[in-house]
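Asker: Before I ask anything, let me first share the structure, which is written out below as structure tokens.
Computed from the coordinates by the stated procedures, all read-outs in this text should not be read as laboratory data. What you see is a predicted model; the values in this text were computed from it and never measured. Here the Cβ is made from the backbone with ideal geometry for all residues, glycine too, and neighbour counts use every protein chain on show.
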Ligand code: NAI
């Protein structure tokens, strides 16, 4: 077990799953967000920090063995907002991690790095990236930064292209893209515990019948998703009769929208 795992974006949806369910991966969870989160419980530290603040991020990262980097604007936004949280924030995190000698980062990348591939097309980790939004571009930047920091400095990263991680799939698209919270946590657990991961790109998706993404190259992790969206299919298909905007693309509505000014 590692000593200290830093979790950025700990106040968000996935951060809350981590806080509730990720037990036994690290002795101490250092939980951080730009917004206030509830006080530290046993085995926790809470540090409020804006990822765009370089000095604060250096202090935040020091003493961590690994980082689960969830902190970001997690939807399409205007470029200036993404520039601070996603571009600058991720750079600050990697540079602080390098200086602090952090061994491994799990970077919450996104399916929106490949969102302009048509639905139904089967993709593996090496598929061409086709970001569907400025948000998707910000995640491409994070993946490339991770690659640079591995090749130059040996800092390991798992770029986890998360599908749709919510309690339940909410629409037709999520029948393909859903990642259950339980599968998310078990995958993070494996990524922390694996002896070596190098620079790894993989998809965070449950064992859905109509999934578009495969992780064959990551079998060495021994991760097997336990959940599937199938039990939700009937209710979703009955409810969602209309074709949603962007439904021809894997990124869905992110591919359909324009640039936000
Ligand atoms: P969320 O929006 O609920 O949480 C993100 C957290 O980051 C928020 O608590 C927010 O306050 C924090 N944050 C934003 N800007 C910050 C800054 N400048 N400094 C520090 N913290 C900042 O998002 P969610 O769903 O928890 O996602 C977590 C990560 O996973 C995000 O990076 C997101 O892009 C990625 N992801 C999530 C997916 C999902 O299905 N939930 C799908 C694909 C990617």
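Asker: With a 10 Å Cβ neighbour count serving as the proxy for reagent exposure, in which order, fewest first, do 171, 151 appear?
Answerer: Sorted ascending by nearby Cβ count, the order is 151, 171.
Asker: Could you tell me the calculated FRET efficiency between residue 48 and residue 235, based on Cβ-Cβ distance and R0 = 35 angstrom, to the nearest 0.05? Let's see the in-between values first.
Answerer: On the way: r = 40 Å, r/R0 = 1.13.
So the FRET efficiency works out to roughly 0.30.
Asker: Place a label point 7 angstrom from the Cα of residue 210 along the Cα-to-Cβ direction, then list the residues of segment 119-152 whose backbone nitrogen is under 13 Å away.
Answerer: 119-121
Asker: If you don't mind, there's one more thing I want to ask. Compute a Gaussian network model of the chain, connecting alpha carbons closer than 10 Å, and tell me which residue from 26, 40, 100 fluctuates the most.
Answerer: It is 40.
Asker: Return the single residue from 63, 222, 11 with maximal mean-square fluctuation; model: Gaussian network over the chain, springs between Cα atoms under 10 Å.
Answerer: 222
Asker: I'd like the orientation of helix 89-100 relative to the chain: the angle between its Cα long axis and the longest Cα principal axis, in ° from 0 to 90, rounded to 10.
Answerer: Rounded to the nearest ten degrees, it is 40.
Asker: Taking the chain as the reference, fit the longest principal axis to its C-alpha atoms, fit the long axis of helix 230-239 to the helix C-alpha atoms, and give the angle between the two in degrees, 0 to 90, nearest 10.
Answerer: Compared with the principal axis, the helix lies near 60 degrees.
Asker: For helix 134-153, report the angle its Cα long axis makes with the longest principal axis of the Cα atoms of the chain; keep it between 0 and 90° and round to the nearest 10°.
Answerer: Long axis of 134-153 versus the principal axis of the chain: about 40 degrees.
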